[in-house]
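Since the structure comes first, as structure tokens, the remarks are kept for the end.
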Amino acid sequence: MACWGPFQLMMEENSAFDWKCAADNETTNVTTIEAAAATSASTSTSGELCADQTSALLNVNLVAITTQILSPVLGHFIDKCGPKAGIYFLTTCLWTGLALVTIATSRNAPTYENTAALDRLLYVGYCLLALVTWTGDLMIVQVGLYFAGHTRSRVIFSLSAMFDAGGVVYLGLRAITQSSPDVSVTVWIGTFLLLSICVMSGSIYFWNVAVASSDADDEAAKHTEAIESSDGDAAEEQMQATEQGDLPENTSAVQGCHDTELPIEADDGSAAPDTLEQSVTNVPAENMHDYILVSERSVKDQLLSLPFLLLCAFFAIQYTSYQWNVSTMRDFLAYLGDDDYDNRYLKIFTLLLPGGIAVLPLVDAILIHLDFVRAFQCVNALALGYTLVKVCSDSLQVQIAGFVLFVIFSCVMFGVTFSFLPVLLAGNVVGKAAGIMFAVTGLTSLICLPLARLAVQDLGGNFFIPNLVFCALLFPSIVLIYLIGRCMKRENEAKVQRRTSLTSSVR
């Protein structure tokens, strides 16, 4: 899902949906496979694809994107059953999806109906691979919860960057198929399926032996309670000795009492909210602030809180724009003349995706030196930058600047968003919340279907108007972050007042 363009090229070269280019496809149901093949040969000779075939290939990815609406179910499933069950589900979808795509790429069907059925099987297989993507995104947050403090944020945005870097796999597969014309695409995708079996076995092992930092904290808390209990017994004995006049002179009456460690949130906001929640449970009611922190509310109230709803709207805009960009990049560049350069600029775009790993120090610096609100505004600025390049310039050379901005945007957007979730919400709600965010994006991504049809079939491949629409959607995103900032100011004020109350209570 990270980069659809090279996969689309492989499917074009494998004559996927070539039967849609048959002249009498709209009027008869008995078109022969020979007629479709002849049409495919003519289009291959001319170097052009018919609009219906291009639209069908685009729809494979765009329809798969809409499966995000299942993300709340996946998030609830992971929260309830644990990440171990999540990795089993992810692996099942991955292996099944690759198997279906392998079958769909076999072009030895004797009839037109069978060929069309195989091509439509791409929809099913790619939808399963899309479920792998959404589950993988949810699992990234779960992996982050296995760490604490700023390390959690670093793990989350590092995994997000590597997730995007996986888009280069499609380009590698296409390069392999081109270098071995005697070996079919089916064989290479089948080989990739076997490779995935080996790789995912390591992931399954990790989730069977890993222990979350929260679980380790629970064990440490139990150990601390045991120590405090023994210290309490010792203090009681000392009190009895005091009453009898047997207390040694050098023994303090408060021996056994421990200093209370106050939960102070890091400057980057990465301190776990559940630490704060656990620490305030023993604070007298009169010292509690009237405002209830989002992470301390019920699950329903957390998911209906204003800052989370604003975050959902922001993420829907940004992630839908991201998906539109990666889904249509091949056809957008083709309209600008990239086909004349053997898709050189599509290759550059794909090869730049792993470069997001080089942006990790920038993301780290943003989260350390800026608060989350300013970090989110950096995301808006980067999104506006790469979108304006697409809207304002028809030069392929200038588009490289847009590629660079997009790679930086992708890394910062995912890193900041998923690092913010565990700060705003309680740990046991993060999976459900991430699932809801992806589900909202699944609904908003439906706008991509008519916009793609408009560009490919009505505008002759010109993506100016659809790109302009996404550019305009970025301005409400700036307002959303401003409103999130006001909500977080209230949260921080409540934390400061509670911290002061805790200090006074301890003293």
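The values are calculated or read from the model by the stated rules, or taken from the named source; none is laboratory data. This one's a predicted model, so the numbers in the text were calculated from it and none came from an experiment. Counting neighbours? That spans all protein chains shown, and the Cβs are built from the backbone with ideal geometry, glycine included. Just so you know, the surface numbers come from the protein's heavy atoms only, side chains and all, with ligands and any DNA or RNA stripped out. Shrake-Rupley method; radii C 1.70, N 1.55, O 1.52, S 1.80 Å.
Listed here are the residues, each with its yes/no results for (1) open to solvent by 50 Å² or more (accessible area, probe 1.4 Å); (2) small (G, A, S).
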position	(1), (2)
V429	no, no
G435	no, yes
A439	no, yes
L451	no, no
D458	yes, no
A472	yes, yes
P476	yes, no
G485	no, yes
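Counting only residues that are part of a helix (DSSP H, G or I) and either open to solvent by 10 Å² or more (accessible area, probe 1.4 Å) or more than 24 Å from S327 (Cβ to Cβ) (or both), the range 58-90 holds 23 of them. Residues in the range 454-469 that are at pLDDT below 90 and part of a helix (DSSP H, G or I) were compared, and the one that is farthest from D137 (Cα to Cα) is D458.
Here A212 passes the criteria (1) over 30 Å from C81 (Cβ atoms); (2) at pLDDT below 75; (3) surrounded by 11 or more Cβ atoms within 10 Å (Cβ to Cβ) except the one numbered (1). Residues in the range 442-449 include at least one that is among the hydroxyl-bearing types (S, T, Y) and within 30 Å of Y335 (Cα to Cα). Taken over the range 468-507, the criterion of being aliphatic (A, V, I, L, M), free of Cβ contacts under 8 Å to residues at least 60 places away in the same chain and farther than 21 Å from A375 by Cβ is satisfied by V469, A472. Among the residues of the range 388-409, those that are of a type in the set (V, I, T) and open to solvent by less than 50 Å² (accessible area, probe 1.4 Å) comprise V389, V391, V407, I408.
Based on what the data block shows, is T96 in a helix (DSSP H, G or I), β-branched (V, I, T) and open to solvent by less than 10 Å² (accessible area, probe 1.4 Å)? No: the conditions fail for T96. Before we move on, is S419 in contact (Cβ under 8 Å) with a residue 12 or more places away in the chain, in contact with a Gly (Cβ under 9 Å, 6 or more places away or on another chain), closer than 30 Å to K300 by Cα and buried (at least 18 other Cβ atoms within 10 Å of the Cβ)? Yes; evaluated as a whole, the condition is true for this residue. For I465, the criteria (1) farther than 23 Å from C378 by Cβ; (2) β-branched (V, I, T); (3) surrounded by 17 or more Cβ atoms within 10 Å (Cβ to Cβ) hold in every case but one, which is (3). Taking first residues from the range 158-180 that are more than 17 Å from L362 (Cα to Cα) and partners that are assigned to a helix (DSSP H, G or I) and basic (K, R), no Cβ contact under 6 Å between residues at least 6 apart in sequence or on separate chains turns up. Return a yes/no flag: does the range 395-407 have any residue that is in contact (Cβ under 8 Å) with a residue 12 or more places away in the chain, under 20 Å from the mean Cα position of the chain (by Cα) and under 16 Å from I481 (Cβ atoms). Checked the range 395-407: no residue is in contact (Cβ under 8 Å) with a residue 12 or more places away in the chain, under 20 Å from the mean Cα position of the chain (by Cα) and under 16 Å from I481 (Cβ atoms).
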